[in-house]
Amino acid sequence: MNRNEIIQQVKDRRKPWDMVVIGGGATGLGVAIDAASRGYQALLLEKHDFAKGTSSRSTKLVHGGVRYLQNGDISLVIEALKERGLMRQNAPHLVRNLPFVIPSYEWWNSPFYGLGLKIYDMMAGKLGLGPSTLLSKEETTDYIPNVKKEGLKGGVIYYDGQFDDARMAISMALTARDQGATLLNYFGVSGLLKDREILAGVKAKDEFTGEEIEIKSKVVVNATGVFSDSIMRMDNPDAEDMIKPSQGVHIVLEKKFLEGNHAIMVPQTSDGRVMFAVPWHNKVVVGTTDTLIDEKSEEPVALEEEIDFILENAGAYMTRQPKKEDILSIFAGLRPLAAPKGNGKPTKEVSRHHKLLVSMSGLVSILGGKWTTYRKMAEDTVDSSATVAGLPERPCITHNMPIHGFEYDADWSDPLHVYGRDRHKIRRKSKSTESLSQKVFLIEGQVRWAVEKEMAQTVEDVLARRTRILFLDAREAMRLAPEVAGMMAGYIGKDKAWEKEQVRNFNEVASNYILTD
């Protein structure tokens, strides 16, 4: 994963690639894994860092979608439950079973939700994570000690999956490389190449140096999420908007706001969505919102009313009411909902099914979908792309493909478990295995590993995605930034000016993750 060497290899290549994938989020990385594992020569280009956008900003759940069952989207739930099982099977160091409790405050709540969750269990079949069960009031408070007890009638427990989204994405990038794919971050596509109106490759630009190169390819895949429309307009300036972005916001609190090891699922918030409070890396993630957004940004910012909404709805179920001063970090992400303009539906009712579009020139665009179904989205995309490019027909083999670092019996109490089998190498790279912070876990070996093995280029890459510190405690991340910049400069031979610029850039991003007066 040496970026400079890979850039030189791409420049030196004379033959067209079988496939160029634009976008380094969950879907693009999944396409790169699938294509390379079938023996196709695949190049992935990401304008920023891998998982910079939506793919690092989820609720950290690998789930079939209880809410989609309520909306009657049965086929999506069945597909997502199957893929949830495959993610758990293929990446046990990153995906685990997590029990969820739905507290009931009306006598009919438990039977009603219990019936729906039995259907949910049945749809999962042999890939189910555990049976749902009705709970008494006493059992509910045993599982969630600080749930609001006034009016509590009982509850329901069910099982879904949890993961670390950005670490999953980085592990997928390593998996794609292991399979023979070529990947570059900070290398954006600035234009498309055509030969007699048929797509023949891309113009790409190194975002650090500004150097542009032309890259020939038999097929181009647009997997850019919320930015898919801009790539489709490179191909056809008159292309209709196909993405309807919806903003989801989460807040992160101390673990004391959710005692025990179970998550809470709030089945009906004031806007009709479900909401979760989920234990994650010894903190609690609470969210999410659903706000229609017109402007698409790499760094979306939470609105004040979204934060108030989460605090108010979380407080309705917790004995300890969270306040703004309790928030350690706030992060916002944009859902790339595949919905034609003017369909009139509220975003919470728009299906999370993915859509594949092939333009007249041969651009393959994969739209919509959800993290859990990334592998199936990739399979469908590579099937279509191989047909467009006239590549030899080869079957998908990712159903049972271990993700890089695969460790069946990973110890989730070890903060390095997300690296799987690589965690021992990371500890050996550290002069000390003592954490650099008392609030979050970070050792020197993680920074070095991120730079040398995971193509981290900036302090933000390390503190936001190679580790999750920006998402866990934004102020602590800002405190650690100068030390991390100094380490990185030593590894890659940068000067003090680079360090200062990196810290300044990181603080500018991190300021969106904290509440200020």
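Annotations
- Centre separation in Å (Cα based) which lies between the range 42-103 and the range 444-517: 27 Å
- Dimensionless Rg over Rh [the range 105-164; C-alpha; Kirkwood]: 1.02
- Relative pair counts by distance (%), Cα atoms of the range 292-447, 5 Å bins: 1, 6, 10, 10, 11, 13, 14, 15, 10, 6, 3, 1, 0
- Antiparallel DSSP beta bridges within the chain, percent to nearest 5: 80 percent
- Across the range 429-513, the mean sequence separation of Cα contacts (distance under 8 Å, 6 or more residues apart), normalised by length, yields a relative contact order of 25 percent.
- The convex hull built on the alpha-carbon positions of the range 115-249 has an orientation-averaged projected area of 14.7 nm².
- Straight-line reach from LYS194: taking Cα to Cα under 26 Å and skipping same-chain neighbours fewer than 8 places apart, the lysines in range are LYS11, LYS15, LYS47, LYS203, LYS205, LYS216, LYS218, LYS355.
- Karplus-derived 3J(HN,Hα) values for the range 94-99, using 6.51 cos²θ - 1.76 cosθ + 1.60 with θ = phi - 60°, are 10, 10, 9, 6, 9, x Hz; glycine and proline are entered as x.
- Along its principal axes, the range 162-209 has C-alpha extents of 47, 25, 21 angstrom, given from the largest down.
- Table column - 3J(HN,Hα) (Hz), the range 309-314, Karplus curve with 6.51, -1.76, 1.60, x for Gly and Pro: 4, 5, 4, 5, 6, 5
- Alpha-carbon centroids, the range 362-417 and the range 114-151: separation in whole Å: 31 Å
- Shape of the range 198-286, Cα gyration tensor, a/c cut at 1.5: prolate
- Average Cα contact separation per residue, the range 113-268, under 8 Å, 6 or more apart, as relative contact order %: 16 percent
- A viscosity of 1.002 mPa s and a temperature of 20 °C, combined with the Kirkwood radius over Cα pairs in Stokes-Einstein, give a translational diffusion coefficient for the range 429-513 of 170 µm²/s.
- The chain - mean residue ellipticity at 222 nm from DSSP helices (-39,500 (n - 2.57) per run, n ≥ 4, rounded to 500): -10000 deg cm²/dmol
- Gain upon complete extension [ASN261, LYS355; 0.36 nm per residue less C-alpha separation]: 30.2 nm
- Highest average packing first - 387-400, 414-427, 123-136, 73-86, Cβ atoms within 10 Å: 73-86, 414-427, 123-136, 387-400
- In the calculated pair-distance distribution of the range 47-123, the portion above 18 angstrom amounts to 55 percent of the Cα-Cα pairs.
- Relative packing of peptides 38-51, 487-500, 253-266 - highest average C-beta neighbours within 10 Å first: 38-51, 253-266, 487-500
- Average Cα contact separation per residue, the chain, under 8 Å, 6 or more apart, as relative contact order %: 19 percent
- Taking only the alpha carbons of the chain, we obtain Rg and Dmax values of 22.5, 71 Å in that order.
- Per-residue Karplus couplings for the range 122-136, computed as 6.51 cos²θ - 1.76 cosθ + 1.60 with θ equal to phi - 60°, are listed in order as 4, 5, 6, x, 6, 9, x, 9, x, x, 6, 8, 6, 10, 6 Hz, Gly and Pro entered as x.
Each reported figure results from applying straightforward, stated rules to the coordinates on display, with no laboratory input. What you see is a predicted model, and the numbers here were worked out from it, not measured in a lab. Quick reminder, even Gly has a Cβ in these numbers, built from the backbone with ideal geometry, and neighbours come from all protein chains shown.
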